[in-house]
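One structure is given below, encoded as structure tokens.
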Amino acid sequence: MYSSVDTIWVLLGALLVFFMQAGFAMVETGFTRAKNAGNIIMKNLMDFSIGTPVYWILGFGIMFAGDGLFFGGFDFLIRGNYDGTFPTAAFVIFQTVFCATAATIVSGAMAERTKFISYCIYSAIISAVIYPVSGHWIWGGGWLAQMGFHDFAGSTAVHMVGGVAALVGATILGPRIGKYDKNGNPKAIPGHSLTLGALGVFILWFCWFGFNGGSTVSMTGDDTLLSASNIFVTTNLAAAVATCTVMIITWVRYKKPDVSMTLNGSLAGLVAITAGCDAVTPVGAFWIGLIAGFIVVFGIEFIDKKLKIDDPVGAIGVHGLCGAGGTILTGLFAYHLTDDAGNPLGLFYGGGFKLVGIQILGVIAVIIWVAVTMTIVFQLLKHTVGLRVSKHEEIVGLDIEEHGLVSSYADFMPNVEAIAEDDTEEVSGKAPMAAAVPVQLVEDKAATPASDVKITKIVILAKQSRFEALKAAMNEIGVTGMTVTNVLGCGMQKGSTEYYRGVPLEMNLLPKIKVEIVVCKVPARTVIETAKRVLYTGHIGDGKIFVYNIENVIKVRTGEEGYDALQDVE
């Protein structure tokens, strides 16, 4: 009989795997552009919301019930039977969140140019049929399971299914506008927030302990406890080693460690270890993580540069290639999988090529199944409701065009509150004009010309690191007023050559400060020479100084103009 501890363990695992949706949402949002953030959040929300009832009604029955396709899952669920291993309802929710993971992988590779309605349709089909059929082969007692195919938590069943579907979809969909030049060379399109991307990776890493550890579906008995403990160790170790591997590879290849690719490295290790996390030792996990690091870097580069397939988040490399690679590597490093005599089945432990061959066969079979069925699905969508948004919609952004969302970030838009008032009503916080102005207001602007003192505006673009020194120097020469803005920009050199996911940035916009100063009492030449002295390092990027003649200045509070408007003394 299944114990209450086991049920709690399965439900806890389900909670953690569900929270992976938040991780995927953050990764995909961060690795893409701000104008599509709301669209990506909606897709991650809806693939789970649509997939849940679809998988409950149809998908679960195909995968586990074994009593026909249509409504098998519904019938199996309402019977409320125990099958001798687990309570049905607990296992249903556990498998539902796994199904949602497979569906959400696809959205990242097809981000920024896919119609929302088309996404909803193909996501439902993945949850209803595509994932459950191959899942039945592996986990539902199907032909691969009977052969001895081992995919403990879903490197193939979940991640490779999503990765292959992403590959097919991104290929049929085509690259984003501006991704490749006329010669087919890739251009870097950086994501708008690596902070969000990193948050997503940390969430996924945390939740992966439920993804892999929860797949024991039991915490009863010493053997199960030891297995779960080993799974936690191998899962974490593979992810960490893959992360370090990718950091070193990109450091060597791109001269600096690539943040985006290294984040993908963490996910690559997690995906690769998922198939054999229960079967390998920590030594095996180390090598699987190491190999996964190489797979993801060179895999993403090959997909982007050679196949010319645009995958904004690297989903194909992370989930497709590392899912397949990790499954096959299980056949090499499996130590805790044994034959009837207790001998390890892994090739490197004397088990021969049998398990490796079965693992390769399973990977190929699932690739064919997903590739063929998803090609049919995407082609049908392309020629009916349409798969890709229009050129205008893609350029403007899917947030506004698909959802009527001006911006997913409030700070990108002015926060203006309209205040209704008439000419006689005094607004709270607004002083009466007579009390606020100690000097005589200028009634006739034409009759009272501005001062003829020369007024100059100086705009300084400089490195952020030099701002404090510049501010102190300006204060010393008597400049007390300035406007400072954080900006991005580059000069004739187009910024120093940097790489994003292995692709050189054509124009690298560097963070700068823009300081605006208007002077009349302090000579403009004094300001210029002082700024030159403080900002000079002798290296490219020291900045620029722009000088403008100002026709007039008006102080709003007093009505003073010209020289007087710039003086703060009452």
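Computed values, structure above
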read-out: Three-way shape call for the chain based on the alpha-carbon gyration tensor, with the a/c threshold at 1.5; value: prolate
read-out: Cα long-axis angle, helix 116-125 against the chain (0 to 90 degrees, to the nearest 10); value: 20
read-out: Additional length obtainable on full extension of the chain from E393 to T485, 0.36 nm per residue less Cα span; value: 30.0 nm
read-out: Full-extension gain in nm, V453 to K544, via 0.36 nm per residue minus C-alpha separation; value: 30.2 nm
read-out: Per-residue Cβ neighbour rank within 10 angstrom, fewest leading, H159, H192; value: H192, H159
read-out: Sparse-neighbour loop sites [chymotrypsin sites (Phe, Trp or Tyr not before Pro); segment 318-400; at most 13 other C-beta within 10 Å; DSSP]; value: F353
read-out: Segment 217-313, dipole about Cα centre (Lys/Arg Cβ +1, Asp/Glu Cβ -1), debye to the nearest 20; value: 560
read-out: Alpha carbon centroid spacing (whole Å) that separates segment 96-151 from segment 276-351; value: 20
read-out: Burial ordering of I295, I288, fewest other beta-carbon atoms within 10 Å first; value: I295, I288
read-out: Segment 307-385 - Rg over Rh from alpha carbon coordinates, Kirkwood radius; value: 1.17
read-out: Gain on full stretching of the segment that runs from Y563 to H383 - 0.36 nm per residue minus C-alpha separation; value: 58.0 nm
read-out: Unit charges on C-beta of K, R, D, E only; dipole of the chain, Debye; value: 2100
read-out: Footprinting exposure proxy for C120, C520, C277 (fewest neighbouring C-beta atoms within 10 Å first); value: C120, C520, C277
read-out: Estimated [θ] at 222 nm from DSSP helical runs (n ≥ 4, -39500 (n - 2.57)) normalised by residues in the chain, nearest 500; value: -16000 deg cm²/dmol
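Bear in mind that the values in this text are calculations on the coordinates, not laboratory data. Predicted model only: the values in this text are computed from it and were never measured. Cβ: placed from backbone, ideal geometry, glycine included. Neighbour counts: every protein chain shown.
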